[in-house]
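Derivation of every value follows stated rules applied to the coordinates shown; laboratory data play no part. This structure is a prediction, so every number in the text was calculated from the model and none was measured.
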């Protein structure tokens with residue numbers, strides 16, 4: 001499996017594009033804010049001859065969904081995600097205005113509501129959905145067992161964890177999610193987080209001071 005990472009918007013979200021030998025692909029968390037970011041993704045997909053079959057959101061915080069309208073307009077896909085964060089999508093303009101950002105797009109409705117244990121297939125790959133609430137009620141991780149890869153959104157970072165100071169966050173729930181859903185994966189599983197650099201489950205189990 002091939003993985004391309006686009007770092008997008010002022011908050012530096014990791015937007016992931018995955019594809020295999022069939023050239024079927026999955027896009028995860030297109031937080032593309034500027035037109036040049038969106039165009040960079042489109043050009044890469046075109047140059048590689050990829051067909052995006054699914055668009056996934058780990059959660060619906062605004063920095064991860066800035067590009068949802070663009071993905072629908074460009075690739076004809078609406079996001080697959082948990083609907084437990086939908087209030088963030090509905091009020092995106094109001095929320096980003098607090099940061100001095102103007103956003104005029106409407107976030108398209110979800111095409112599929114994902115929950116714990118659901119599967120998403122593309123090419124010869126199968127993604128398993130893991131519910132990891134805490135950072136947000138609808139936080140999901142996407143695990144590809146065959147490739148030893150997990151995309152954790154803002155639940156787990158390299159030597160850190162997601163924020164839990166939002167009104168709908170829950171610190172204890174996040175720690176429980178990490179311990180029961182992520183730290184039970186094989187140690188050599190590569191962690192691809194929503195921000196910053198990648199890690200491994202084994203490294204985080206040993207060195208992440210926030211999960212004890």
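Summary of computed values
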quantity: Distance histogram for the chain (every C-alpha pair counted, 10 angstrom bins, percent rounded to whole numbers); calculated: 9, 37, 38, 15, 1
quantity: Distance from segment 146-176 to segment 58-89 (C-alpha centre basis), Å; calculated: 18
quantity: Segment 1-44: relative contact order as a whole-number percent, Cα under 8 Å and 6+ apart; calculated: 33
quantity: Beta bridge orientation in the chain: antiparallel %, DSSP, nearest 5; calculated: 70
quantity: Using distinct alpha-carbon pairs, which all enter the 1/r mean, Kirkwood radius of segment 1-62 in Å; calculated: 11.8
quantity: Whole-number percent relative contact order across the chain, with pairs defined as alpha carbons under 8 Å at least 6 apart; calculated: 15
quantity: Ratio of the Cα radius of gyration of segment 101-212 to 2.2 N^0.38 Å, where N counts its residues; calculated: 1.10
quantity: Segment 10-103 - Kirkwood radius from inverse mean 1/r over Cα pairs (Å); calculated: 13.7
quantity: Fluctuation leader among 50, 27, 182 - the chain, Gaussian network, Cα springs under 10 angstrom; calculated: 50
quantity: Mean residue ellipticity (222 nm) of the chain, computed from DSSP H runs ≥ 4 via -39,500 (n - 2.57), nearest 500; calculated: -6000 deg cm²/dmol
quantity: Fluctuation leader among 165, 187, 154 - the chain, Gaussian network, Cα springs under 10 angstrom; calculated: 165
